[in-house]
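J.: Submitted below is the structure of interest, expressed as structure tokens.
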Amino acid sequence: TMAHSKALLVLENFIGGKFVPCSSYIDSYNPSTGDVYCRVPDSGKEEVEAAVKAAKDAFPIWSSKSPLERSQILNKLADLIEHELEAFAQAESKDQGKTIKFARTVDIPRAVYNFRFFASSILHHTTECTEMATMGCVHYTSRAPVGVAGLISPWNLPLYLLTWKIAPAIACGNTVVAKPSEMTSVTAWMMCKLLEKAGVPHGVVNVVFGTGAKAGEALVCHPDVPLISFTGSTLTAQRITEKSAPHCKRLSLELGGKNPAIVFDDADLTQCIPTTLRSSFANQGEICLCTSRIFVQRGIYSEFLKRFVAEAKKWKVGNPSDPTVDMGALISKEHLEKVRSYVKKAQAEGARVLCGEGVDSLALPTGNQKGYFMLPTIIAEVKDESCCMQEEIFGPVTCVVSFDTEEEVIGRANSVKYGLAATVWSSNVGRVHRVAQRLQSGLVWTNCWLVRDLNLPFGGMKASGIGREGAKDS
């Protein structure tokens with residue numbers, strides 16, 4: 001009814017510095033209640049066309065500004081977002097299902113930092129110069145912005161991953177057309193409201209909301225968008241690669257992972273257990289860097305398992321806005337079903353589910369009965385060939401298996417199509433370096449997880465993507 005739709009938040013596209021209504025909309029759900037929470041524009045070719053035109057028109061002026069001028073604007077935008085941190089965190093938690101605690105401490109601070117980091121790094125970008133004295137000549141490199149960048153970001157860390165693309169793109173003098181996930185568009189829309197106040201000229205940042213199939217496709221196929229940066233699934237990336245090939249676009253693709261943690265028998269379990277719980281279940285396991293295969297050396301396997309399961313059972317799942325909760329809701333009903341189906345497959349194959357889905361009961365507060373919740377789930381005795389060990393589940397499910405030798409575990413860790421991140425737990429420095437060297441992984445952490453420096457190149461090997469993000473790489 002009309003009365004019903006009036007109460008809902010209705011988002012609008014942001015094109016050429018103005019909010020523009022759309023002719024049709026998509027429902028977006030609050031994952032913790034299962035109710036429709038807002039309406040998102042269902043944009044297509046026309047909207048993308050208008051946004052690309054605005055970005056193209058804004059490019060000459062924006063790209064000719066000095067790095068310092070752009071830097072000051074990025075810093076101002078960072079300040080404005082930080083000033084509204086609580087409102088952004090509340091919106092992110094409600095829209096995505098993540099805990100308010102995670103949104104407050106990870107998502108929004110990182111979005112702010114993304115702008116500050118690139119505002120600073122753009123001032124220190126140096127260009128190379130070489131001299132050929134014998135020829136009496138000098139060669140120098142001059143770096144120029146590419147033009148309009150098409151930026152497509154996912155639903156797991158909505159503002160965090162969107163700003164990680166927008167910040168370097170505009171810092172370097174490009175203009176952008178961004179398409180956030182249709183499931184989590186609210187914080188991007190909130191950010192648009194701050195752009196003018198920060199001094200971002202009209203048309204420099206345009207945001208078009210909608211689905212990948214319609215809005216994303218139109219953006220990827222647009223002849224005037226020479227660069228596409230995408231974070232999301234390997235399947236979508238294949239389509240992006242095919243569609244952009246005729247235009248020879250520059251692509252940066254950050255895709256899924258099936259990330260191993262390798263726990264050697266000399267690991268410090270007092271550090272390893274709490275960190276591996278976080279690396280498996282933080283943000284409901286909906287982070288591309290999450291651990292989903294844990295290889296434990298046989299000597300400590302049973303002790304690890306006992307302690308790991310006991311600690312997982314202490315995790316509190318419930319209303320994301322409750323600050324004592326450790327895990328919120330999964331993104332959608334369909335996604336929850338998909339994640340659950342993996343647990344069922346594992347059981348059918350004879351694996352043991354030690355805690356979580358189908359084993360322990362989940363008590364939810366009154367308002368959250370219809371939300372998309374699931375307990376942290378640990379599966380043991382699962383075969384390396386199982387789909388649970390091969391495919392990205394992207395939920396709060398992790399598999400624990402034992403191994404005997406270093407040589408063996410390297411081969412098994414590498415036996416998946418992905419290669420994004422890995423974690424090695426050992427107090428033997430030589431072993432840590434040897435193993436890291438041989439893991440097919442864009443990133444290896446040792447005795448820690450998710451410790452990041454934005455100067456470092458970030459990205460995957462194999463099916464985990466192409467291209468890198470980071471100070472120089474972005």
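The values are calculated or read from the model by the stated rules, or taken from the named source; none is laboratory data. Given the structure is predicted, the values throughout are model-derived calculations rather than measurements. Counting neighbours? That spans all protein chains shown, and the Cβs are built from the backbone with ideal geometry, glycine included. These accessible areas exclude ligands, DNA and RNA; they are computed on the full protein's heavy atoms, side chains included. Shrake-Rupley method; radii C 1.70, N 1.55, O 1.52, S 1.80 Å.
J.: Rounded to the nearest percent, how much of the accessible area of the chain (1.4 Å probe, protein heavy atoms only) is carbon and sulfur?
T.: Carbon and sulfur atoms account for 55 percent of the accessible area of the chain.
J.: Now for a different question. List the residues, sorted by chain then number, that are 5 or more residues from Asp42 or on another chain and whose placed amide H is less than 5 Å from its amide H.
T.: Ser24, Tyr25, Ile26
J.: On a 0 to 90 degree scale, rounded to 10, what angle separates helix 429-438 from the longest Cα axis of the chain?
T.: Approximately 60 degrees, to the nearest ten.
J.: Considering only Val200, Val400, Gly358, whose Cα is most displaced toward the positive end of the charge dipole of the chain, charges sitting on Cβ of Lys, Arg (+1) and Asp, Glu (-1)?
T.: Val200
J.: Now a separate question. Relative to the longest principal Cα axis of the chain, at what angle does helix 158-171 sit, 0 to 90 degrees, rounded to 10?
T.: It works out to around 40 degrees.
J.: Using a Förster distance of 22 Å, how high is the FRET efficiency between Thr134 and Lys472, based on the Cβ-Cβ distance and rounded to 0.05?
T.: 0.15
J.: Just name one of Leu253, Val112, Leu74: the one whose Cα is farthest towards the positive end of the charge dipole of the chain (beta-carbon charges, Lys/Arg +1, Asp/Glu -1).
T.: Projecting each Cα onto the dipole axis, the largest value belongs to Leu74.
J.: If you don't mind, another one. Return the lysines within reach of Lys45: Cα separation strictly under 17 angstrom, same-chain partners fewer than 8 residues apart disregarded; answer none if there are no such residues.
T.: Lys53, Lys56, Lys179, Lys214, Lys243
J.: Between Glu242 and Gln271, how many nm apart are label points set 7 Å from Cα along the C-beta direction?
T.: With each label point 7 Å from Cα toward Cβ, the separation is 4.6 nm.
J.: Given R₀ = 25 Å, FRET efficiency for His83-Ser142 by Cβ-Cβ distance, to 0.05?
T.: The calculated FRET efficiency here is 0.10.
J.: By how many degrees, between 0 and 90 and to the nearest 10, does the Cα long axis of helix 85-96 differ from the longest principal axis of the chain?
T.: The angle comes out near 60 degrees.
J.: Still on this structure: Any idea of the accessible area per residue across the range 259-453, 1.4 Å probe, to the nearest Å²?
T.: 40
J.: Mind checking the range 346-443 for trypsin sites (Lys or Arg not before Pro) that DSSP puts in a loop (not H, G, I, E or B) and that have at most 16 other Cβ atoms within 10 Å?
T.: Lys370, Lys383, Lys417
J.: Mind checking which of Ser185, Leu161, Ala133 is farthest towards the positive end of the range 83-217's charge dipole, using Cβ charges of +1 (Lys, Arg) and -1 (Asp, Glu) about the Cα centre?
T.: Ser185
J.: Still on this structure, I have one more. About its Cα centre, what dipole magnitude does the chain give when the only charges are +1 on Lys and Arg Cβ and -1 on Asp and Glu Cβ, stated in debye to the nearest 20?
T.: 200
J.: Which lysines does Lys197 reach when only Cα atoms under 17 Å apart count, and residues fewer than 8 places away in its own chain are ignored?
T.: Once the sequence-local lysines are set aside, what remains near Lys197 is Lys18, Lys76.
J.: Report the percentage of all Cα-Cα pairs in the range 1-72 whose separation exceeds 21 Å, rounded to a whole percent.
T.: The answer is 47 percent, as a whole percent.
J.: Moving on to the next point. Determine which lysines satisfy two conditions relative to Lys306: a Cα distance under 28 Å, and not lying fewer than 8 residues away in the same chain.
T.: Output for Lys306: Lys98, Lys101, Lys258, Lys314, Lys316, Lys338, Lys344, Lys345, Lys383.
J.: Rg (Å, one decimal) plus Dmax (Å, integer) for the alpha carbons of the chain?
T.: In order Rg, Dmax, the Cα atoms of the chain give 23.0, 80 Å.
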